[in-house]
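The structure appears right after this line, and notes come after that.
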Amino acid sequence: MSNEKKIVNRVKCTANISGLMDNFYKDMFDDNKGPLCWCVGACPYEMFSAANVRRFQTENHAARISTRQEQAMFIEVAEAEGLSENVCSYAKINIGFALMMARGEEDKIPERYRLPKPDMIFALNTCPTMIQWCDMLSDIFKVPKFVVDAAYIYDENNWDRNVEYVKSQLYDFVRFLEKHTGQPFDWARLNEIVYLMKQIAVEWRAARELCKNVPTPASFLDALIAMGPKNTVRDEASLAFYKDFHNEVAQRAKDGIGVLEQEKYRIMWRGNFPWHKLGTLSRMLAKYDAVLISGVYGLGTYGDHAIDNILPDGFDLSDPLRTIAAEHCCRSYTRRFDWKMDHEFRRHIEEFSIDAVIIHSPRTCRPWALTTYDMAREVEEKYKLPVLVLEVDHTDPNYFHDAQVETRIKALLETIKK
Amino acid sequence: MEQLLNKFQQIAAEPLKTAQYWKEKTGKKVVGCMGLYVTEEIFHAAGLLPVVILEKDSPILRAQAHVQSYMCGYIRSVTDQALAGDLDFIDCIISHDCCHTIRMTTEIIKRNATGIKDIQPIFLPVTIKKAESWTYTLQELSFLIEKAEKLAARSITEDDLMQSIQTYNKHRRLLKRLYQLRRDKPGIISARQVSNIVKASMLMPKEEHNAMLEPLLEAMENKTVEANNKIPVIVSGSLCETCDEYVLDILEEVGGVVVDDDLYVGSRYFATEVDESLSPLTALALAYVNMVPPCPTRHDPDNKLSDYLINMAERARAKGIISVIVKFCEAHYYSYLTFRRGIKEFNIPEYLIETEHEGVSPAQVKTRLQSFIESIRG
Amino acid sequence: MNKNNAQDRKDGYFAGIDVGSTTTKMALLDFEKKIRVSSIIPTGPIIKKTVDKIINICFEKNLNGIDDIKYCVATGYGREIVDLADEQITEITCHAKGVNVIFPQAKTIIDIGGQDSKVISVDDNGSVLSFVMNDKCAAGTGRFLEVIARSLELSIDEMATLSRQSKKRVEVSSMCTVFAESEVISLVSQGVEVSDIAAAINRSIARRLVGLVQRIGLRLPLVMTGGVAQNKGVVKAIEDALNIDILISTEPQITGALGAAHIALKRFQERRDSIE
Ligand SMILES: Nc1ncnc2c1ncn2[C@@H]1O[C@H](COP(=O)(O)OP(=O)(O)OP(=O)(O)O)[C@@H](O)[C@H]1O
Ligand code: SF4
Ligand code: SF4
Ligand SMILES: [Mg+2]
């Protein structure tokens, strides 16, 4: 294998994301746009828009900080306050950030990350961390909070009951929003946005579908970068972006343009992503002509996994709250092991012509880490593919050692029989 | 009194043997309760023998291939026991999804521990004080009743349930009296002994346990303790995990005396009584959503750990609060921090000890606890 | 021992013995609170022998017999094994006391020994308000420095001196001894100057300590004790990281034993007062 730097030909229009995202974050400072809610975890953003409440996602914000390697300061503040180094590193970054804001130390925070203080906090229990994290934020800022619980679907026959469980809490949330904005909830706007999401999902899925091509016109990392507007912004401009994204991917597919000059190995990624090492990992893989094609993380929201939803294509336009509830019930977090093996591995491995699998076992995230050893064994046995369980972290730099990771990735690729 | 205490100690020393002994002696099927808040009364009412699955103080070997070292010791140990076949005698394990760690471990055990007869997950709402949570809880408990009926091959009547609730409530009241005696006469019983008593209760029929408790309490009523200058403290935490007794031993060895606790193998196990004036199922569901001790794994914003422990400390005239966290028990880390922020204004010394299955250096724990006691003494 | 004999009230000594994980320290005070003799020796595998040895060393120095010890306080992680001791007190309390004697104005103490590092917050009387300790791994301790020095083939002193000649900033990101060692080896193989690596290691220790300091809150002045307080490179790195000046006594390593001896004197007096 050669050592020279390989060119990674990324999807071009994703460069527009930072503009979209920056605008989104700029809006946070516009008081005319309603109160501000900090949302922990995946959240029903449609509802916030319909209530005229500004919101952003704390995980997303933490990931943004760590893609630029600027997380250490916030982690240190949180740990100094007494938060254990073993808790989710997203939470550490965000809680450190919140503590600095609450103490009036905003001037120490790089300007591009600054945000106004929240008027309320929201969390949805996809992972228990989020609830505790939400409680902490509400305690730090002394503002009201709303928590939605989502159940563990240990029995697929219980789908409906669980969707109803979430949906009834979402009704309460509507009342909560009305109370705190002093305005009636705009149901018509909610319908509009859910419809918008459906259109976005169509573009998204079509683009993702094309990644089954060899060579792949877009990588998993392109998709990870592109998911921002879909997961957090959700407005008309986002739809326009996904149309561009789909078009560009389609054009590349037509012209046979791949992400790498020579696509030798197609890799699947499972688990959340070490954002701070996005570039490093992409270069490391490219060096050996390997590309991440597909993955289970982040792409899910109204996206790849719609076929697993209780609703035929993920949407019930006549009942937006049911759509939202179902969307949140069908995440990986709430599902059984067998379900994950089938939907997260089999489908990706078979449809995307995968040569090897990297499973991320983050040191500070229980939901993504547990069962990964068993998953690795089953993939090896069932699909006869080489698997690497990478034990690093989604944002904490303490667990990632470039040289060590590269050795392991190289070893993985060497075992691919081609 | 010594004799009774020894008996409790023996029962607590070998949890699995104890459970097996009772299985043979009563001929009843055994239900293993994994995680917090499995409603034991339901299984008791069906004539089954519910026992709590505890952490075992032996090295983790087999589970290493399935569960990362950065997971709490409780689930690593339980997985290990399951893989070793130690839990095969249990007729059904009910695993309550009290955190994500347990959720996934249940799956791991199910896949890999081939000798396990039956392992059934349940989900109880995390946000406990909401209308939906109440209905959801009722549904889960009804499901447990069905499950118990199937296991026992008989039906459970309302009377059966009520009788079990009464037995359990009586048990809770006896344990509360034990704690009252300890508050009144600090040092009358060691923290380790109290832990043994509660642990034994988790492993044997409550009727039998009650029968042992009653004479013990009587003996304690009549006993006096010499005045001493030990520092009274309360201990809180240690979710699901049980191998922390050495912390209690050291604490009392270096001049502290535990006067009350909020431990899993402690008052958390019996703090919530079930209302006997309601229909039994309603009462059981209510007891869950209205649980008394604030729980790090549940969302119940009005029930603050700081208030709860400050009250406990005041009632027991304690001069310090020790929190014990099981390493990697994520929910507890947050709740500890919120607690610490919450008690700042009260000016009561507090200290955190983190425990690990593999054990932390006893010398270091001793230095920490001794320094803590020395600093209270001034 | 004739501890409560009122006649020889002015003769006799008060002993503090600090059996640390790495070194054992002993200090003897007289009634005037003057240090009569002190000693530091490595802690051997058999603690009893080490303790006997240090007592012998101290009494060779022209003192009367061991019987003249009126009260003895043992501290450090081997405190239980000192037969001579009348009382065992932790090194946290003893360092606080020792610092209070030398620097009564001190508010915060950093003690870095061979195996543990501790940050202690004290009140005006030298009583402990709160404290934090490193967890069981060696990150941020003397041991960590020794491991790294060994892989750089330097002595601790050489490493401290070299670190202050550093010209270029490099980072050793890991605080874990094992990982840091491999990072260091890979930096060496990349041809990075040893002085720059040594400075990076000191900064890494400082980061760890600053984390502990922040957990209990920095109050000034801050005093450093323990053997590593003699490592100028580490001290400088912590000063830079906290942006403060640190106070250090001439013999920081003896602080715990000194504090123990002072507590011994106080205990003796309390006891005598209560008898009379
Ligand atoms: N002159 C010096 N320069 C630099 N480092 C030194 C010097 N003298 C001692 N040390 C370091 O100090 C450490 C020992 O310190 P100390 O005697 O305070 O430890 P200890 O009390 O035995 O350990 P602990 O308190 O952790 O049980 C050793 O790691 C040694 O490398
Ligand atoms: S799922 Fe993992 S990364 Fe996300 S909040 Fe929970 S612990 Fe953190
Ligand atoms: S001890 Fe904590 S992490 Fe472990 S199973 Fe219990 S609640 Fe979960
Ligand atoms: Mg020492």
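Test B:TYR334 against the criterion of being within 14 Å of chain A (Cβ to nearest Cβ), crowded, with 19+ Cβ neighbours inside 10 Å and part of a helix (DSSP H, G or I), and give yes or no.
In short, yes.
Considering only the stretch B:15-73, state which residues are crowded, with 23+ Cβ neighbours inside 10 Å and hydroxyl-bearing (Ser, Thr, Tyr).
If the condition is that a residue be crowded, with 23+ Cβ neighbours inside 10 Å and hydroxyl-bearing (Ser, Thr, Tyr), then B:THR39 is the only one that fits.
Applying the selection to the stretch C:209-230, what residues are in contact (Cβ under 8 Å) with a residue 40 or more places away in the chain and out of contact with any Gly (no Cβ under 8 Å at 6 or more places or on another chain)?
Correct list: C:VAL213, C:ILE216, C:GLY217, C:LEU218, C:ARG219, C:LEU220, C:PRO221, C:LEU222, C:VAL223, C:MET224, C:ALA229.
Taking the conditions exactly as written (surrounded by fewer than 24 Cβ atoms within 10 Å (Cβ to Cβ) and not in a helix (DSSP H, G or I)), does C:LEU212 satisfy them or not?
no
For the stretch A:368-406, which residues satisfy the criterion of being more than 23 Å from A:HIS276 (Cβ to Cβ) and assigned to a strand (DSSP E or B)?
A:VAL387
What is the residue count in the stretch A:338-367 for residues that are open to solvent by 10 Å² or more (accessible area, probe 1.4 Å) and either part of a strand (DSSP E or B) or within 16 Å of ligand 4 (Cβ to nearest atom) (or both)?
Total satisfying the criteria: 0.
Identify, from the list A:THR364, A:THR372, the residue that is in contact (Cβ under 8 Å) with a residue 24 or more places away in the chain, touching a strand residue (DSSP E or B) at 6+ places or on another chain (Cβ under 7 Å) and among the polar types (S, T, N, Q).
A:THR372
Kindly check whether there is at least one residue in the stretch B:132-151 that is aliphatic (A, V, I, L, M), crowded, with 20+ Cβ neighbours inside 10 Å, more than 18 Å from B:HIS96 (Cβ to Cβ) and in contact (Cβ under 8 Å) with a residue 40 or more places away in the chain.
no
Please enumerate the residues belonging to the stretch B:95-118 that are aliphatic (A, V, I, L, M) and either within 19 Å of B:THR18 (Cα to Cα) or open to solvent by 10 Å² or more (accessible area, probe 1.4 Å) (or both).
Scanning the stretch B:95-118 gives a single hit, B:ILE116.
Could you grab me the full set of residues in the stretch A:368-397 that are at the interface with another protein chain (Cβ under 9 Å from one of its Cβ atoms) and open to solvent by less than 10 Å² (accessible area, probe 1.4 Å)?
A:ALA369, A:LEU370, A:THR371, A:THR372, A:ASP374
With respect to B:SER58, determine if the residue is free of Cβ contacts under 8 Å to residues at least 24 places away in the same chain, more than 16 Å from ligand 4 (Cβ to nearest atom) and within 13 Å of another protein chain (Cβ to nearest Cβ).
No, not satisfied.
Quick check on my filter: what residues within the stretch A:47-59 are within 11 Å of ligand 2 (Cβ to nearest atom) and open to solvent by 10 Å² or more (accessible area, probe 1.4 Å)?
Hits for the stretch A:47-59 are A:GLN57, A:GLU59.
Of the residues A:ALA63, A:ALA72, which is within 14 Å of chain C (Cβ to nearest Cβ) and surrounded by 17 or more Cβ atoms within 10 Å (Cβ to Cβ)? Write out each step before concluding.
Working: A:ALA63 fails: within 14 Å of chain C (Cβ to nearest Cβ).
A:ALA72 is the lone residue from the list that is within 14 Å of chain C (Cβ to nearest Cβ) and surrounded by 17 or more Cβ atoms within 10 Å (Cβ to Cβ).
For the subset of the stretch C:225-276 comprising residues that are part of a loop (DSSP other than H, G, I, E, B) and acidic (Asp, Glu), which member is farthest from ligand 1 (Cβ to nearest atom)?
C:GLU276
Check B:PHE372, B:PHE339 and return the single one that is more than 30 Å from B:ILE60 (Cα to Cα), more than 9 Å from chain C (Cβ to nearest Cβ), in contact with a strand residue (DSSP E or B) (Cβ under 9 Å, 6 or more places away or on another chain) and buried (at least 21 other Cβ atoms within 10 Å of the Cβ). Show your work before the answer.
Values: B:PHE372 fails: more than 9 Å from chain C (Cβ to nearest Cβ).
Answer to the check: B:PHE339.
If I go through the stretch C:86-143 residue by residue, how many of them are open to solvent by 10 Å² or more (accessible area, probe 1.4 Å), within 9 Å of chain B (Cβ to nearest Cβ), assigned to a loop (DSSP other than H, G, I, E, B) and within 22 Å of C:ARG271 (Cα to Cα)?
2
Looking at the stretch A:329-356, which of its residues are within 19 Å of the chain's Cα centre (by Cα) and either within 14 Å of chain B (Cβ to nearest Cβ) or at pLDDT 90 or above (or both)?
Residues satisfying the conditions are A:CYS329, A:ARG331, A:SER332, A:TYR333, A:THR334, A:ARG335, A:LYS340, A:GLU344, A:PHE345.
Pick from the stretch B:1-47 the residues that are more than 21 Å from the chain's Cα centre (by Cα) and in a loop (DSSP other than H, G, I, E, B): which of them is farthest from B:ALA200 (Cα to Cα)?
B:ALA46
Of the numbered conditions (1) part of a loop (DSSP other than H, G, I, E, B); (2) modelled with pLDDT under 90; (3) of a type outside the set (D, E, K, R), C:VAL192 fails exactly one; give the number of that condition.
The number of the failed condition is (2).
When residues of the stretch C:45-78 are filtered for being more than 16 Å from ligand 4 (Cβ to nearest atom) and either within 14 Å of another protein chain (Cβ to nearest Cβ) or not charged (D, E, K, R) (or both), how many remain?
Initial filter on the stretch C:45-78 (more than 16 Å from ligand 4 (Cβ to nearest atom)): C:45-46, C:48-49, C:52-53, C:55-72.
Filter once more, so that each one left must be either within 14 Å of another protein chain (Cβ to nearest Cβ) or not charged (D, E, K, R) (or both): C:45-46, C:55-59, C:62-66, C:69, C:71-72.
Of the residues in that region, 15 qualify.
Could you pull out every one of the helices (runs of 4 or more DSSP H) wholly within the stretch A:55-139 that has 3 or more residues that are over 22 Å from A:TRP275 (Cβ atoms) and out of contact with any helix residue (DSSP H, G or I) (no Cβ under 7 Å at 6 or more places or on another chain)? Can you show your working first?
Details: elements: A:58-67, A:72-81, A:89-102.
No helices (runs of 4 or more DSSP H) qualify here.
Filtering the stretch A:399-411 down to residues that are within 24 Å of A:GLU79 (Cβ to Cβ) and open to solvent by 60 Å² or more (accessible area, probe 1.4 Å), which residue is farthest from the other protein chains (Cβ to nearest Cβ)?
A:ASP402
Filter the stretch C:87-125 for residues that are of a type outside the set (A, V, I, L, M, F, W, C) and over 20 Å from C:GLY20 (Cβ atoms); which is farthest from ligand 1 (Cβ to nearest atom)?
The initial filter retains those residues of the stretch C:87-125 that are of a type outside the set (A, V, I, L, M, F, W, C), namely C:87-88, C:90-91, C:93, C:95, C:97-98, C:100, C:104-105, C:107-108, C:111, C:113-118, C:121, C:123-125.
Imposing the further condition that a residue be over 20 Å from C:GLY20 (Cβ atoms) reduces the set to C:104-105, C:107-108, C:121, C:123-125.
On the way: C:PRO104: 22, C:GLN105: 22, C:LYS107: 21, C:THR108: 17, C:SER121: 18, C:ASP123: 23, C:ASP124: 25, C:ASN125: 23 Å.
Restricting to residues being of a type outside the set (A, V, I, L, M, F, W, C) and over 20 Å from C:GLY20 (Cβ atoms), the top hit is C:ASP124.
Would you point out the residue of the stretch A:139-151, among those that are buried (at least 21 other Cβ atoms within 10 Å of the Cβ) and at the interface with chain B (Cβ under 8 Å from one of its Cβ atoms), that is farthest from A:TYR45 (Cα to Cα)?
By that ranking, first place goes to A:ALA151.
What pairs come out if I take residues in the stretch C:166-191 that are more than 10 Å from chain A (Cβ to nearest Cβ) and pair them with residues that are of a type in the set (Asp, Glu) whose C-beta lies under 6 Å away, six or more apart or interchain?
What qualifies is C:SER166/C:ASP196; C:LYS168/C:ASP196; C:VAL170/C:ASP196; C:VAL172/C:GLU183.
Where in the stretch B:81-191 are there helices (runs of 4 or more DSSP H), lying fully within it, with 3 or more residues that are within 10 Å of chain A (Cβ to nearest Cβ) and within 16 Å of ligand 2 (Cβ to nearest atom)?
B:100-112
Which of the residues belonging to the stretch C:207-225 are within 14 Å of another protein chain (Cβ to nearest Cβ) and touching a Lys or Arg at 6+ places or on another chain (Cβ under 9 Å)?
Within the stretch C:207-225, C:LEU212, C:LEU218 qualify.
The values are calculated or read from the model by the stated rules, or taken from the named source; none is laboratory data. As the structure is a prediction and not an experimental result, all values here were calculated from the model. Quick reminder, even Gly has a Cβ in these numbers, built from the backbone with ideal geometry, and neighbours come from all protein chains shown. Ligands, DNA and RNA are excluded from the accessible area calculation, which covers all protein heavy atoms including side chains. Shrake-Rupley method; radii C 1.70, N 1.55, O 1.52, S 1.80 Å.
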